Structure formats: structure tokens, C-alpha cells
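Undergrad: Questions regarding the structure given below will be posed in turn.
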Amino acid sequence: AQSVTQPDIHITVSEGASLELRCNYSYGATPYLFWYVQSPGQGLQLLLKYFSGDTLVQGIKGFEAEFKRSQSSFNLRKPSVHWSDAAEYFCAVAPYLYNTDKLIFGTGTRLQVFP
Amino acid sequence: DAGVTQSPTHLIKTRGQQVTLRCSPKSGHDTVSWYQQALGQGPQFIFQYYEEEERQRGNFPDRFSGHQFPNYSSELNVNALLLGDSALYLCASSLWGTANSPLHFGNGTRLTVT
């Protein structure tokens, strides 16, 4: 069965530091992969997605992610974190390529940013 | 451009009761999906509605049912509430048939079952 694993439950970084959030997936074919962010009391906002092509994907708010098939990973990165990036981050995979509304989410990584 | 709106924002119910949650999709969208997000967990897919029919369903019991109206808005109904149904319920909308169209999520309805 398809699944998504986010190994880090909670990460703390200083403002201005670089960030990498890990995501590993289990999926038989080429996956559709997503990163969402959820601020407290808010819904989820799409940061970026990977469907095919270039394995380095650029998203909003200065985030990027790299798809590595050999490692079954889709890690999210940002070179310099801002205090407003503090939120919950979710990695997700779409198990059905013909209907990407059904997503399987990881358990999330909570990012805390210190000034 | 109105995004996805959900009502109510918070709800408290007693075990055994029934609840109805409502969702209006983003302008221009015709497909609505519902997700359940338990505390400390990622969202889990409940079902998806398009053209007033359930198109996909996740691993949820029949106590969870839904409806989509001609104006594309949707309701999620949960019968015989259990304590474990306490969660944030998220509605998301999209445009049917466009795989590259991302899901737009509402801010959710926080349901507490006591």
C-alpha cells in the first residue's frame, strides 16, 4: 500500500538558517508528490508539487524540493528560514494519477523558528 | 475571488448524535473532497464528490456520508458520533479532469465529541 513517512516530528531552527524537511514515500510507479503547509487554525496551502520532468521543483515562499527515485525521497528545502515559516508541513502522494484529489499524507513535521 | 469556505468553524456534539458540516468550493471549482485530520496526524481522505455523485471513498465507515448540490457546495454528515470522530474536518475543492489543478483547502471545522 502507498504510504508517506516524515521521520521528523518536530524541527527547530534559527531564523536565517537553512532548512531541510524529510519525506519518504512508498509507491510502485512514478508518484505525484506534494508539500503542503498548515499554519495554526488554518487549512492547508500547497507549496509545490512534482508530477514529472525536472527532479528539482521550485515552489512558493522560496521553498524547493528534490525528487530522488533511488532513495524514494522528496525532501523540502529552504536556504534561509524566516520566522513566518513556523508551521506544520505535510508531504503527500497521490496514489491515482487520474485523480489527484485523493492524497495520502504523512504525519507532518512541526517547524519552530527561533529569532 | 472567494476561496473554500466551511461552516461552522467549531462544533461540540455528544456521543450518538448526528452532525452536518458544510462547504462551499472555490469559485470556478466543481469538485469537493473531504478530509479528516485527527490531532497530531495528517489529513485522511474521506470521499470526493463531482456532479452530485460520490466518486472516490477512503477507508471510512458508512456512518460518514455526503452530498453535493447543483451549485457544487457540499455537506458531510456523520451519524452515531463516537469520541474518535473528534477532529478537524477539511474541505477541499478542485476542477474535475485537470490533474495539474491543485487542491484548495478551507480552514476546516473543528468537531469535538464529548
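Every number in this text was worked out from the coordinates using simple rules, so none of it is lab data. Everything numeric in this text was worked out from a predicted model, so none of it was measured. Because the Cβ atoms are built from the backbone with ideal geometry, glycine has one as well, and the counts that use them run over all protein chains shown.
Undergrad: Roughly what would the spin-label model give for A:R77 and B:Q18, points 7 Å off Cα along C-beta, in nm?
TA: 5.3 nm
Undergrad: Toward the positive end of the charge dipole of the protein assembly as shown, about the Cα centre and with charges on Cβ (Lys, Arg +1; Asp, Glu -1), which of A:S14, A:L47, A:A92 goes farthest?
TA: A:S14
Undergrad: When Cβ neighbours within 10 Å are restricted to other protein chains, what is their mean count per residue of peptide B:103-114?
TA: 3
Undergrad: From the backbone phi of region A:81-96, what are the Karplus-calculated ³J(HN,Hα) couplings (6.51 cos²θ - 1.76 cosθ + 1.60, θ = phi - 60°) in whole Hz, Gly and Pro given as x?
TA: After applying 6.51 cos²θ - 1.76 cosθ + 1.60, I find 7, 10, 4, 6, 7, 4, 4, 9, 10, 10, 9, 9, 10, 9, x, 10 Hz.
Undergrad: Sticking with this one: Lysines within cross-link reach of A:K49: Cα-Cα under 19 Å, excluding same-chain residues under 8 positions apart?
TA: Correct list for A:K49: A:K61, A:K68, A:K78, A:K102.
Undergrad: Compute a Gaussian network model of chain A, connecting alpha carbons closer than 10 Å, and tell me which residue from A:P95, A:P40, A:P31 fluctuates the most.
TA: The residue with the greatest mean-square fluctuation here is A:P40.
Undergrad: Something else now. Excluding residues fewer than 8 places away in the same chain, name every one of the aspartates and glutamates whose C-alpha is closer than 18 Å to that of B:K26.
TA: Reachable aspartates and glutamates: A:D101, B:D1, B:E51, B:E52, B:E75.
Undergrad: Let me ask you something else. Kindly work out what percent of the DSSP beta bridges joining two residues of the protein assembly as shown are antiparallel, to the nearest 5.
TA: Roughly 90 percent of the beta bridges in the protein assembly as shown run antiparallel, per DSSP.
Undergrad: If you don't mind, there's one more thing I want to ask. Taking Cα centroids, how far is region A:29-103 from region B:50-114 in Å?
TA: 22 Å
Undergrad: Shielding of A:96-109 by partners, i.e. mean partner chain Cβ atoms within 10 Å per residue?
TA: Mean shielding by partner chains, rounded to a whole number: 6.
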